[in-house]
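What follows is a set of notes on a single structure, which appears directly below.
The values are calculated or read from the model by the stated rules, or taken from the named source; none is laboratory data. Everything numeric in this text was worked out from a predicted model, so none of it was measured. Note that each Cβ is placed from the backbone with ideal geometry, even for glycine, and that neighbours are counted across all protein chains shown. Accessible surface is based on the protein model in full, side chains and every heavy atom, while ligands, DNA and RNA are left aside. Shrake-Rupley method; radii C 1.70, N 1.55, O 1.52, S 1.80 Å.
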Amino acid sequence: MAMLEVSNLSIAFGGLQAVDNFNLKINKGQLYGLIGPNGAGKTTVFNLLTGVYKPNEGIVKLDGKDITGRSTIEINKSGVARTFQNIRLFKDMTVLDNVKAGLHNHYKYSTVTGILRLPKYYKLEKEMDERAMEILKVFDLDKEVNYLASNLPYGKQRKLEIARALATEPKLLLLDEPAAGMNPNETQELMDTIRFVRDHFDMTILLIEHDMKLVGGICEELTVLNFGQVLTQGKTAFVLNDPAVITAYLGE
């Protein structure tokens with residue numbers, strides 16, 4: 001069974017058909033890329049998959065379960081997490097607390113327990129601290145746990161956003177241009193990290209990316225969007241050598 005199956009997904013804004021009859025199938029454990037020129041509709045697809053927008057037509061299934069049109073919170077609880085092209089962290093919170101914010105999906109206590117600091121509060125806080133540290137070690141952020149997120153270098157802020165998304169324990173991780181703004185060394189490190197996340201967390205990953213070195217280095221299959229429509233799909237080497245794809249990028 002596919003981890004993500006999208007059928008005939010479409011949305012229009014006024015008279016503009018932003019995404020038209022989009023189809024996608026990603027198997028569990030795949031590292032899949034969604035590419036295309038600026039304005040092709042890639043982030044709109046992510047917004048449809050995560051409930052930011054509701055489609056005019058189409059069906060989205062996660063692990064066989066229909067999540068079409070559900071709210072962002074419901075979709076996240078169903079097992080979809082994402083990062084954003086423009087980093088969205090709680091910048092006035094520490095690195096540790098950013099990750100713990102994601103963990104609150106699974107560690108819950110009542111308001112009374114929190115206010116009165118009952119034994120369950122301390123027990124769950126300790127468990128969350130330990131789990132957050134495990135995740136931060138994956139991203140080599142365990143030495144910066146008490147830093148404010150805003151004080152991290154740009155590349156580490158990118159990593160922290162991924163770490164926080166993973167803390168929600170998703171089945172599917174959506175990464176929107178994770179290498180944006182990174183230098184070549186940071187990009188190479190990010191590639192290694194994404195591969196490790198897929199293997200270590202048994203994660204299915206769909207990413208949007210403009211860095212073709214990253215796409216070619218880690219993605220097993222690609223879908224190319226242009227003007228809201230699928231231009232081509234298939235194995236990465238085949239897609240990147242497709243003349244139609246080359247033309248679309250040269251015409252960007």
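Considering only M128, N76, F196, whose Cα is most displaced toward the positive end of the charge dipole of the chain, charges sitting on Cβ of Lys, Arg (+1) and Asp, Glu (-1)?
Toward the positive end, the furthest listed residue is M128.
With Kirkwood's inverse mean 1/r over C-alpha pairs for Rh, give me the Rg to Rh ratio of the stretch 30-97, two decimals please.
1.01
Taking the convex hull of the Cα atoms, report for the stretch 145-229 its projected area averaged over all directions, in nm².
On the way: hull surface 26.5 nm².
About 6.6 nm², averaged over all directions.
With runs of 4+ DSSP H residues as the only contributors, calculate the mean residue ellipticity of the chain at 222 nm using -39,500 (n - 2.57) per run, divided by the residue total and rounded to the nearest 500. Each step should come with its number before you reach the end.
Details: 10 runs with 101 residues, N = 252.
Computed ellipticity for the chain at 222 nm equals -12000 deg cm²/dmol.
Can you give the angle from 0 to 90° between the axis of helix 154-167 and the longest principal axis of the chain, with both taken from C-alpha atoms, to the nearest 10?
80
Any idea what the relative contact order of the stretch 1-58 is, in percent, if you count C-alpha pairs under 8 Å spaced at least 6 apart?
Values: 80 pairs, mean separation 22.7, N = 58.
The normalised contact order for the stretch 1-58 reaches 39 percent.
Taking only C-alpha pairs under 8 Å that are 6+ residues apart, what is the relative contact order of the chain in percent? If you can, show how the numbers build up before the last one.
Numbers: 464 pairs, mean separation 69.8, N = 252.
Result for the chain is 28 percent.
Roughly to the nearest percent, how much of the accessible area of the chain is carbon and sulfur, given a 1.4 Å probe?
52
Quote the convex hull volume per residue of the chain, based on C-alpha atoms, as a whole number of Å³.
Measuring per residue, one finds 136 Å³ for the Cα hull of the chain.
If I build a Gaussian network model for the chain, linking alpha-carbon pairs within less than 10 angstrom, which residue out of L34, L240, L49 has the largest mean-square fluctuation?
With Cα springs under 10 Å in the chain, the top fluctuation among L34, L240, L49 is at L240.
What residues have an amide H closer than 5 Å to that of T204, excluding those fewer than 5 places away on the same chain, when H is modeled at 1.01 Å from N in the peptide plane?
G29, L173
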